[in-house]
Amino acid sequence: MAFRGNYEHSGVVIAQALEPCAAIWTTEAFERFTHSFLKDLNPLSQEARRLSRFFNAGSFDGELDSAGRVMVPAPLLGYAGLSKEVVIVGNDDHLELWEPAAWAKYESDLIENVADTVERIVNVNPA
């Protein structure tokens, strides 16, 4: 599911992302996301335990109010450096909340390096 148009869904998960931002997922999308990389890891491995803790300890259930707003928990405000102004970025199956200066820096780097990223992917997964 992509975030476009109108969609009524009251339950969401607000979570810390790998980059310094907060992400808002539907509950189902968050479960699919975390399962996608944890399912193939040995649950006793340090990597699996660390990733599981990062995403599960850094995620909170939330509800959309009648205006479609959600409260961002204080730990995520601190993690993402959010205050009054935020940039909302649609990222396929979730939204990201960025501190404006952090987004501007990240976006600049993203634009500057996207061709290299594509080339690395193509070289790893040739057609």
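Could you say whether any residue in the stretch 37-57 is part of a helix (DSSP H, G or I), at pLDDT 95 or above and exposed (fewer than 10 other Cβ atoms within 10 Å of the Cβ)? Looking through the stretch 37-57, at least one residue is part of a helix (DSSP H, G or I), at pLDDT 95 or above and exposed (fewer than 10 other Cβ atoms within 10 Å of the Cβ).
One residue stands out among those in the stretch 60-91 that are among the charged types (D, E, K, R) and in contact with a helix residue (DSSP H, G or I) (Cβ under 9 Å, 6 or more places away or on another chain): the one that is farthest from Thr26 (Cα to Cα), which is Glu85. Identify, please: which residue in the stretch 14-27 is touching a His at 6+ places or on another chain (Cβ under 9 Å) and of a type outside the set (S, T, N, Q) and is, among those, surrounded by the most Cβ atoms within 10 Å (Cβ to Cβ)? Filtering the stretch 14-27 for residues that are touching a His at 6+ places or on another chain (Cβ under 9 Å) and of a type outside the set (S, T, N, Q), the one surrounded by the most Cβ atoms within 10 Å (Cβ to Cβ) comes out as Ala23.
When the residues of the stretch 58-84 are filtered to those that are in contact (Cβ under 8 Å) with a residue 40 or more places away in the chain and assigned to a loop (DSSP other than H, G, I, E, B), the one that is farthest from Glu99 (Cα to Cα) is Leu64.
For the stretch 94-108, the set of residues classified as closer than 18 Å to Glu31 by Cα and either at pLDDT below 95 or surrounded by fewer than 13 Cβ atoms within 10 Å (Cβ to Cβ) (or both) is empty.
Just checking, how many residues over the stretch 109-127 are among the polar types (S, T, N, Q) and surrounded by fewer than 10 Cβ atoms within 10 Å (Cβ to Cβ)?
At the first step, the residues of the stretch 109-127 found to be among the polar types (S, T, N, Q) are 113, 117, 123, 125.
Retained after the next criterion (residues that are surrounded by fewer than 10 Cβ atoms within 10 Å (Cβ to Cβ)): 123, 125.
Residues meeting the conditions: 2.
Do we have any residue at all in the stretch 103-122 that's in contact with a Gly (Cβ under 9 Å, 6 or more places away or on another chain) and touching a residue at least 12 places away in the same chain (Cβ under 8 Å)? Taking every residue of the stretch 103-122 in turn, none turns out to be in contact with a Gly (Cβ under 9 Å, 6 or more places away or on another chain) and touching a residue at least 12 places away in the same chain (Cβ under 8 Å).
The values are calculated or read from the model by the stated rules, or taken from the named source; none is laboratory data. Values in this document were obtained by computation on a predicted structure and should not be read as measured data. Virtual Cβ from ideal backbone geometry, glycine too; neighbours counted across all protein chains shown.
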